[in-house]
1. Output ³J(HN,Hα) for the stretch 167-183: one whole-Hz value per residue in order, computed from phi by the Karplus curve 6.51 cos²θ - 1.76 cosθ + 1.60 with θ = phi - 60°, and x for Gly and Pro.
2. Which net charge results when you count Lys and Arg as +1 and Asp and Glu as -1 among the other residues whose beta-carbon is under 13 Å from that of Ala144?
3. Stretched out fully, how many nm does the piece from Leu132 to Leu174 gain, at 0.36 nm a residue minus the Cα gap?
4. Stretched out fully, how many nm does the piece from Val46 to Leu142 gain, at 0.36 nm a residue minus the Cα gap?
5. Determine the relative contact order of the stretch 40-209: mean sequence separation of Cα pairs under 8 Å and six or more apart, normalised by residue count, in whole percent.
6. Would you list Met175, Met68, Met183 from fewest to most Cβ contacts within 10 Å?
7. Listing Trp193, Trp93 from the residue with the fewest other Cβ atoms within 10 Å to the one with the most, what is the order?
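FYI, it's all coordinate maths here, none of it is from the lab. None of these values were measured; they are calculated from a predicted model. Backbone-built Cβ (ideal geometry, glycine too); neighbour counts: all protein chains shown.
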Amino acid sequence: MASQEADPTELPAACAGEAPGSLGEAAAEDSSAYRPIGRSQNHPEVLRALGAVQILNGAVILALGGCMHALQNLSQASNYFFLLIVSTGYPIWGAIFFIVSGIVSTLAGKKPTKTLLETSMGLHTSSAVMALVGIVFLSMNLFANDPLLKSCQSSRPPDLCIYMEASSNGLVSLMLVLTLLEMCIACSVVALWLKANCWHLRKAISSLSNPGESRMPPNESKEIQS
């Protein structure tokens, strides 16, 4: 009869249904793979897809900036239409930042560790701000093209000025669309992060306000007390 009685010190581990060392292993796994967006299995795929679009988007913006710089060096008439964008350097620093954000987002989708996810969150927040700044610069460039056309035609061949204005409007408009797309992607990733963290916060508050019952069955707890 004495051999059939359970040792009180072994009951908690037995009632938990797992070896004592497995709790430490689970904690180690949770610390190494931080998954605040793990509510849905599709979130890592979304991060990887958005990251790939960001990389492609930044590469196209960088290529458009190179075309603007080449056109500016090709003719002095283009200085009227590309001076604002080329002088601010937005196609360079904006594109590089978008590409870096896309790379980090792709890595966070493949391996969602706490460091990568928090870095991706910060980069996308900064990307949204930089995209907003780029939208302001590009919009100013588009609005300034009509007055600049008149100034160009007063000192340059009219046909050349019209051609350069049309080229400027096309390149700047395309870059503006890509910048708007980048801003939408950055805001989507930030919204996804905030939504997932709010869900985890509500779950934590709910678990604190309604603590779960002990894992130990009532009959075994009575045996220990007796």
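1. For the stretch 167-183, the Karplus curve yields 5, 5, 4, x, 5, 5, 5, 5, 5, 5, 4, 5, 5, 4, 4, 4, 5 Hz.
2. Numbers: positive: Lys150; negative: Asp146, Glu165.
Here the charged neighbours net out to -1.
3. Numbers: separation 42, 0.36 × 42 = 15.12 nm, distance 1.54 nm.
Answer, rounded to one decimal: 13.6 nm.
4. Numbers: separation 96, 0.36 × 96 = 34.56 nm, distance 3.35 nm.
Contour length minus Cα-Cα distance gives 31.2 nm.
5. Working: 177 pairs, mean separation 50.3, N = 170.
Worked out over the stretch 40-209, it gives 30 percent.
6. Numbers: Met175 26, Met68 23, Met183 18.
Lowest count first: Met183, Met68, Met175.
7. Numbers: Trp193 20, Trp93 14.
Listing Trp193, Trp93 from fewest to most nearby Cβ atoms yields Trp93, Trp193.
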